[in-house]
1. Within region 1-25, which residues are under 18 Å from Pro86 (Cα atoms) and either among the charged types (D, E, K, R) or part of a strand (DSSP E or B) (or both)?
2. I'd like to know if region 24-37 contains one or more residues that are within 17 Å of Met93 (Cβ to Cβ), surrounded by 15 or more Cβ atoms within 10 Å (Cβ to Cβ) and either touching a residue at least 24 places away in the same chain (Cβ under 8 Å) or within 11 Å of the chain's Cα centre (by Cα) (or both).
3. If you go through region 7-35, how many residues are of a type in the set (Phe, Trp, Tyr) and more than 15 Å from Lys76 (Cβ to Cβ)?
4. Exactly one condition in (1) within 14 Å of the chain's Cα centre (by Cα); (2) loosely packed, with under 12 Cβ neighbours inside 10 Å is false for Lys92; which is it?
5. Considering only region 1-23, how many residues are of a type outside the set (Val, Ile, Thr) and farther than 18 Å from Ala88 by Cβ?
6. Quick one: how many residues across region 26-38 are outside any loop (DSSP other than H, G, I, E, B) and among the small types (Gly, Ala, Ser)?
7. Within region 20-36, can you find the residues that are touching a strand residue (DSSP E or B) at 6+ places or on another chain (Cβ under 7 Å) and either over 29 Å from Ser58 (Cβ atoms) or β-branched (Val, Ile, Thr) (or both)?
8. If you go through region 39-55, how many residues are outside any loop (DSSP other than H, G, I, E, B) and over 11 Å from the mean Cα position of the chain (by Cα)?
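Coordinate-derived values only; no laboratory data. Because the structure is a prediction, the values reported are computed rather than measured. Glycine also receives a Cβ, built like all others from the backbone with ideal geometry; neighbour counts cover every protein chain displayed.
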Amino acid sequence: MIVRIVEMYIDPSRKQEVIRTFKEIKGSVRQFKGCHYVGLFEDTGSPEHIITYSVWDSEEDLEQYRNSPVFERNWKLLKMFFIGKPRAYTLKMVDECLFLPCSK
């Protein structure tokens, strides 16, 4: 299981457009093999800072999406809102805690 996090800085005056665009494209991401979740989050203290968070079975599944025409189209739709360079992280889960109390 891996997580993909992409940090983006957008024009705050266009945030509603970004949200609408994400709602239009999220289904095309979610339908890809190995994708379990995709979400859009906003920084509560910085209106121009947004993050996408997705969960994948494997890095291979993520790369299949990233090398697809669907990704190319989706990225083109989102990047028109950027005011800074996005940063992306691919993370592998090494431990988890789903319910409290967590064991040490």
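1. Val3, Arg4, Ile5, Val6, Glu7, Met8, Tyr9, Ile10, Asp11, Arg14, Lys15, Glu17
2. Step one: of region 24-37, the residues within 17 Å of Met93 (Cβ to Cβ) are 34-37.
Imposing the further condition that a residue be surrounded by 15 or more Cβ atoms within 10 Å (Cβ to Cβ) reduces the set to 34-35.
Keeping just the survivors that are either touching a residue at least 24 places away in the same chain (Cβ under 8 Å) or within 11 Å of the chain's Cα centre (by Cα) (or both) gives 34-35.
The answer is yes, given that some residue of region 24-37 is within 17 Å of Met93 (Cβ to Cβ), surrounded by 15 or more Cβ atoms within 10 Å (Cβ to Cβ) and either touching a residue at least 24 places away in the same chain (Cβ under 8 Å) or within 11 Å of the chain's Cα centre (by Cα) (or both).
3. 2
4. (1)
5. From region 1-23, those of a type outside the set (Val, Ile, Thr) are 1, 4, 7-9, 11-17, 20, 22-23; that's our starting set.
Right, trim to farther than 18 Å from Ala88 by Cβ and you get 11-17, 20, 23.
Qualifying residue count for the region: 9.
6. Initial filter on region 26-38 (outside any loop (DSSP other than H, G, I, E, B)): 26-30, 35-38.
From the residues that got through so far, the ones that are among the small types (Gly, Ala, Ser) too are 27-28.
Looking only at that region, the number is 2.
7. Let us first name the residues in region 20-36 that are touching a strand residue (DSSP E or B) at 6+ places or on another chain (Cβ under 7 Å), namely 22, 26, 29-30, 34-36.
The one that is touching a strand residue (DSSP E or B) at 6+ places or on another chain (Cβ under 7 Å) and either over 29 Å from Ser58 (Cβ atoms) or β-branched (Val, Ile, Thr) (or both): Val29.
8. In the first step, residues of region 39-55 are kept if they are outside any loop (DSSP other than H, G, I, E, B); the result is 39-42, 49-55.
Keeping just the survivors that are over 11 Å from the mean Cα position of the chain (by Cα) gives 42, 49.
Within region 39-55, residues that are outside any loop (DSSP other than H, G, I, E, B) and over 11 Å from the mean Cα position of the chain (by Cα) number 2.
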